[in-house]
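Worksheet: the structure to be examined is printed underneath.
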Amino acid sequence: MNDATAGPLAVILAAGLGTRMRSRRPKVLHPVCGRPMLAHVLDVARTLRGPDPLVVVSPATERVRQEIGADGVAYALQAEPLGTADALRSAMDAVPPGVDEIIVLSGDVPLLRPATVRELVLLRRSEDATIALAVTHPADPRGYGRVVRDLDGRVARIIEEKDADEATRRIGEANAGLYAFNAAWVRSRIADVAPSPTTGEYYLPELVAMAHAEGGTVVTLDVADERELAGINDRVQLAEAEGELRRRIVEEHMRAGVTMLDPRSVTVESGVEIAPDVVLEAGVILQGRTRIGADSVIGAGSRVVDSVVGERCRVWSSVIESSEIGDDVRIGPWAHLRPGTRVGDGAEVGNFAEIKASTLGPGSKQHHFSYLGDATIGTHVNIGAGTVTCNYDGRRKHPTRIGDGAFIGSDTMLVAPVDVGAGARTGAGSVVTRDVPDGMLAVGVPARLRRPRDASEREIEPGTIAAEAGEASAVMAGAADDPAAQRPVPAAEDAAPRA
Ligand code: UD1
Ligand code: CA
């Protein structure tokens, strides 16, 4: 990475205030498809395989250094943002001695493609030019510096919009702000750039006029897709870049085998991995370090953030954050998996279910409006409708553990810390305040423990739960010898309010 002879050095200008954004946040830190603009530009810079890219910041954009970090990035400080030439001049002390080519990029062009930068580098080398610069012909060239050519058609200078007269403003060829320089030449001339008589700023494109005046070669690379080099100066352009990059990412995934029913409504942040034969329905948002396994269907309106979803899963209209989902899992509609959730293979999480920092073991089912927090649930457990782990006592969070094959009746309150053993059962409406040993039955408010009296009260064989999936589960707690348990305990589906 630090081999100065390997490739050109990329210098990324990011010291400008970006006042047109009207933001307290430095412009280049505004995210595009989930990552700061500058991170996209850094990705491109790194494809040059030169020394670590050098990012120019100013005291006003110091936050860039904190948020982007120093891993594989070098920084230079421009004391005051006096213009783009002053920014490059400020960077020169930090340029490693062996560097003979410098590529200057702006931190505000997140749509730039690596191939374009490579082409520019090769063009400068093949022409042995002092400067190669990228130009575009934007439909609306307002805001860009215009390319002024001499009678032989060679680039004579760039005139900034602010300094341009009417005739110059009619020039359609625009400076895209991407340059490849002969480094030795820049070293010898950068200090000679004079400030603009109109604005007092030091313009980097002045180097073009200087090279031309001394008979040096300036070549241009005409980039057909103007959007690629569009600089983001305000929030309208930010939204346009977001749309464009989103379209690009989504298309790449479709070409790689992902089906999208309504691609324009889908948001996939850069960095998300999606296996072939995944189906994304309308309005799906996939963010951060998310991975979706083959043959899974992510249903309309779902949002998945920093999570892994296995193969053959079906997620309907749900929100999944920092969670791990196994294979063949069904989630939703309207489930919320909060950070730290792990769902085992073949498990099911149903309507209005919420899980936080909990493990739901393979084959377990949690249908119908319930909450699991700080809980460890074994395999083939049935969580009845309305079950709640009461994990918070107002001061601290407490764990709940439920063993394999346990059957939690509808509307059970599990007052943590509490353990429910393997094969144990709880009666509908019970409030479990003490541990329930393996195979025991807990019924009533507060729950009392007893042995199941007959087969109908005993644990259900794993596997038969599947047949009941989708039904609210009631263990009839009709223990004649247990007055507390004799209260009518409705199953969730009977629980409609009575007048
Ligand atoms: C610049 C070019 C213009 C070109 C356009 C392409 C100059 C003078 N003009 O204009 O010819 O058409 O880009 O998008 O270069 N920056 C610093 N320090 C400073 C000033 C700016 O680091 O003192 C950085 C900014 O953070 C930004 C980049 O340089 O990343 C470009 O600055 P910006 O103000 O956006 O230049 P433009 O007006 O767009
Ligand atoms: Ca700009």
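Quick note: the coordinates plus some simple rules give every number you see, no bench work behind them. Bear in mind the structure is a predicted one, so any value in this text is a computation, not a measurement. So basically every Cβ, Gly included, is an ideal-geometry build from the backbone, and we count neighbours across all protein chains shown.
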Check your understanding: If you plug each phi of segment 196-209 into the Karplus form 6.51 cos²θ - 1.76 cosθ + 1.60 with θ = phi - 60°, what whole-Hz ³J(HN,Hα) values come out, in order, with x for Gly and Pro?
Key -> 5, x, 7, 10, x, 7, 8, 8, 4, x, 4, 4, 5, 4
Exercise for review: Enter the angle in degrees (range 0 to 90, nearest 10) between the Cα long axis of helix 37-46 and the first principal axis of the Cα atoms of the chain, meaning the one along which they spread out most.
Suggested key: 70 degrees
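Scanning the chain for trypsin sites (Lys or Arg not before Pro) in DSSP loops with at most 13 other Cβ atoms within 10 Å, what's the longest stretch left with none?
Values: sites that count: 22, 24, 49, 142, 154, 170, 289, 395, 396, 434, 453, 498.
Longest gap between qualifying sites, sites excluded: 171-288.
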**Study point:** Label-point gap, in nm, between residue 62 and residue 167 - each point 7 angstrom along Cα→Cβ
**Key:** 4.8 nm
Review point. How far apart, in nm, are the 7 Å Cα→Cβ label points at residue 100 and residue 20?
Key: 3.8 nm
Check your understanding: Amide H neighbours of residue 297 under 5 Å, counting only residues 5+ apart in sequence or on other chains, H built in-plane at 1.01 Å?
Key -> 279, 313, 314, 315
Point to revise | Phi to ³J(HN,Hα) by Karplus 6.51 cos²θ - 1.76 cosθ + 1.60 over segment 257-267, Hz, x for Gly, Pro | key: x, 9, 8, 10, 6, 8, x, 5, 9, 9, 10
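May I ask for the percentage of alpha-carbon pairs in segment 302-381 that lie more than 15 Å from each other?
On the way: 1402 of 3160 pairs.
The proportion of pairs with Cα distances above 15 Å equals 44 percent.
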Review point. Where both partners of a DSSP beta bridge lie in the chain, what percent of those bridges are antiparallel, to the nearest 5?
Key: 20 percent
Revision key, fill the gap. Label model pair residue 445, residue 233: point-to-point distance (7 angstrom along the Cα→beta-carbon line) in nm is 6.7 nm
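I want the local charge near residue 129. Using Cβ-Cβ distances under 14 Å, sum +1 for each Lys or Arg and -1 for each Asp or Glu among the other residues. Intermediate values should be presented prior to the final figure.
Details: positive: 124, 125, 154; negative: 100, 101, 119, 127, 128, 214.
Around residue 129, the surrounding residues sum to -3.
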Review point. What are the lysines whose alpha-carbon lies under 23 Å from the alpha-carbon of residue 365, with same-chain residues fewer than 8 places away excluded?
Key: 356
Practice item. Could you pull out every one of the lysines with an alpha carbon less than 30 Å from that of residue 162, ignoring same-chain neighbours closer than 8 positions? Key: 27
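Can you tally the net charge around residue 26? Count Lys and Arg as +1, Asp and Glu as -1, for every other residue whose Cβ sits under 12 Å from the Cβ of residue 26. Working shown, then result.
Numbers: positive: 24, 25, 27, 63, 65; negative: 62, 67, 108.
Combined, the nearby Lys, Arg, Asp and Glu give +2.
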Point to revise | Per-residue HN-Hα couplings for segment 52-68 [Karplus 6.51, -1.76, 1.60; θ = phi - 60°; Hz; x = Gly/Pro] | key: 3, x, 9, 9, 8, 10, 10, x, 6, 10, 3, 4, 4, 4, 5, 7, 7
Point to revise | Inter-part distance where segment 206-253 and segment 264-337 are each reduced to a Cα centre, Å | key: 33 Å
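How big is the antiparallel share of DSSP beta bridges in segment 9-229, given as a percent to the nearest 5? Let's see the in-between values first.
On the way: 16 of 33 bridges.
Given both bridge residues lie in segment 9-229, the antiparallel proportion sits at roughly 50 percent.
Determine the calculated [θ] at 222 nm for the chain from helices alone, applying -39500 (n - 2.57) to every DSSP H run no shorter than 4 residues and normalising by the residue count; nearest 500 deg cm²/dmol. Show your work: numbers first, answer last.
On the way: 10 runs with 87 residues, N = 499.
When only DSSP H runs of four or more count, the value is -5000 deg cm²/dmol.
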Check your understanding: Considering amide H positions built from the backbone, and no H for Pro or chain starts, which residues 5 or more places from residue 343, or on another chain, come under 5 Å of its amide H?
Key -> 324, 325, 326, 360
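Of all DSSP beta bridges in segment 10-126, what percent run antiparallel (nearest 5)? Don't skip to the end; give the middle numbers.
On the way: 2 of 13 bridges.
Roughly 15 percent of the DSSP beta bridges within segment 10-126 come out antiparallel.
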Check your understanding: By how many nm would the segment from residue 455 to residue 80 grow when fully extended, if each residue of separation counts as 0.36 nm and the alpha-carbon distance is taken off?
Key -> 126.9 nm
